[in-house]
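Okay, structure first, notes after.
Throughout, read-outs are computed from the coordinates displayed, never taken from laboratory work. None of the values given here were measured: they were computed from a predicted structure. Note that each Cβ is placed from the backbone with ideal geometry, even for glycine, and that neighbours are counted across all protein chains shown.
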Amino acid sequence: MAKIVVDVMLKPEILDPQGKAVAAALPRLGFTFAKDVRQGKRFEIEVDGDPTPAQLAEVEKAAEKLLSNPVIENFTVRVEK
Amino acid sequence: MKIGVVTFPGTLDDRDAARAVRHAGGEAVALWHNDADLHGVDAVILPGGFSYGDYLRCGAISRFSPVMEPIIDAAHGGMPLLGICNGFQVLAEAHLIPGALTRNHELHFLCRDQNLTIENTNTSWTSSYSQGQEILIPLKNGEGAYMCDDETLKMLEGEGRIIARYVGENPNGSRNLIAGITNERGNVVGLMPHPEHAIDSLTGPSADGLGFFTSVLKALVK
């Protein structure tokens with residue numbers, strides 16, 4: 001069974017207060033590596049068998065219509081085995 | 001005049017919105033999210049709350065509920081439509097107004113009385129106010145930061161489509177202190193603070209919110 005993964009991230013120019021809060025919490029715990037943190041959403045969609053190009057095109061449509069808000073977010077679609 | 005007030009699962013402020021309509025002299029008609037019939041209403045209010053638990057994004061799932069189809073059609077045809085708080089988020093998700101509402105910049109849920117200035121009195125929902133009038137109504141939201149790109153912001157400013165702005169310190173990180181905007185035609189208004197909670201001094205901080213509801217009744221008589 002394959003998984004179609006849709007990652008949704010706020011566009012770079014949109015303020016991400018959640019990511020900022022995480023970035024501020026990390027150094028408090030001794031993790032000093034982060035210059036910046038952005039937080040997003042990940043959707044895992046299970047399908048039977050290998051996803052067909054037609055299925056992927058449908059997922060793209062769904063990602064644009066429902067899973068993301070194109071006004072403030074970008075998304076990527078990929079297949080994970 | 002019949003004003004529909006939509007109840008989605010998780011809507012909180014439908015009763016206050018209906019009460020505000022009656023207080024202004026209109027007839028409030030309850031509309032149900034799963035019923036794609038507007039029951040002959042002349043205008044619609046999408047009230048505040050946490051429709052569908054704010055899952056996915058605020059307003060993202062409500063926007064596709066059956067009642068929204070005829071509402072969107074009617075709004076395109078000029079029917080007055082007011083989205084308050086969560087309703088504003090639904091309007092943005094439905095792309096009836098530009099931009100989007102995102103998490104408050106300080107991440108805290110806000111609940112307080114807020115001063116606003118009314119900046120456009122030519123919409124279906126703001127004609128009872130005077131230009132530049134300052135009003136005090138409650139603000140209560142977690143995702144009330146109005147966001148849009150620079151081009152949209154310039155357009156909103158240039159066309160006078162910002163109907164209300166926060167006075168004083170920016171409460172939630174909204175661009176240009178935007179509390180409410182309208183569409184090009186002026187029949188659709190999205191507003192983050194809550195006029196329905198300020199219609200008399202017994203139950204609200206003022207009666208300043210009543211003007212939104214008297215405005216639409218005036219607009220419908222015309």
Take peptide B:145-156, look around each residue's Cβ out to 10 angstrom, count Cβ atoms belonging to other protein chains, and average those counts. 2
Can you compute log10 of I(q)/I(0) for chain B with the Debye formula, treating each Cα as one identical point scatterer, at q = 0.10, 0.18 Å⁻¹? -0.36, -1.36
Could you work out the mean count of beta carbons from other protein chains within 10 Å of each residue's beta carbon in B:97-105? 4
Amide H neighbours of B:Asp208 at under 5 Å, excluding residues fewer than 5 places away on the same chain, with H built from the backbone geometry, are B:Leu136
Cα-based Debye curve of the stretch B:20-88 sampled at q = 0.16, 0.24, 0.27 Å⁻¹ gives log₁₀ I(q)/I(0) of -0.56, -1.19, -1.38
Chain B - share of DSSP beta bridges that are antiparallel (%, nearest 5): 55
Per 5 angstrom bin, beginning at 0 and ending with the bin that holds the maximum distance, the Cα pairs of the stretch B:84-182 fall in percents of 3, 14, 24, 27, 22, 10, 1
At 222 nm, what value in deg cm²/dmol follows for chain B if DSSP H runs of at least 4 each add -39500 (n - 2.57) and the sum is divided by all its residues, to the nearest 500? -6500 deg cm²/dmol
Please list, ordered by chain and number, the residues whose modelled amide H lies under 5 Å from the amide H of B:Val29; skip anything fewer than 5 residues away on the same chain. B:Ile3, B:Gly4, B:Val5
Take every DSSP beta bridge whose two residues both sit in the protein assembly as shown, then give the antiparallel share in percent to the nearest 5. 70
Ratio Rg/Rh, restricted to the protein assembly as shown and using Cα atoms, in which Rh is the Kirkwood radius: 1.01
Principal-axis tilt of helix A:17-28 within chain A, Cα atoms, nearest 10 degrees: 50
For the stretch A:2-80, the percent of all C-alpha pairs falling in each 5 Å bin, from 0 up to the bin holding the max distance, is 3, 14, 21, 17, 13, 13, 10, 6, 3, 0
Evaluated at q = 0.14, 0.23 Å⁻¹: base-10 log I(q)/I(0), Debye formula over Cα of the stretch B:154-222: -0.52, -1.11
Under the Karplus relation 6.51 cos²θ - 1.76 cosθ + 1.60, θ = phi - 60°, what is the ordered set of whole-Hz ³J(HN,Hα) values for the stretch B:20-28, x standing for Gly and Pro? 5, 4, 5, 4, 7, x, x, 9, 8
Over 20 Å (Cα to Cα) among A:Lys3/A:Lys35; A:Lys3/A:Lys61; A:Lys11/A:Lys61 -> A:Lys3/A:Lys35
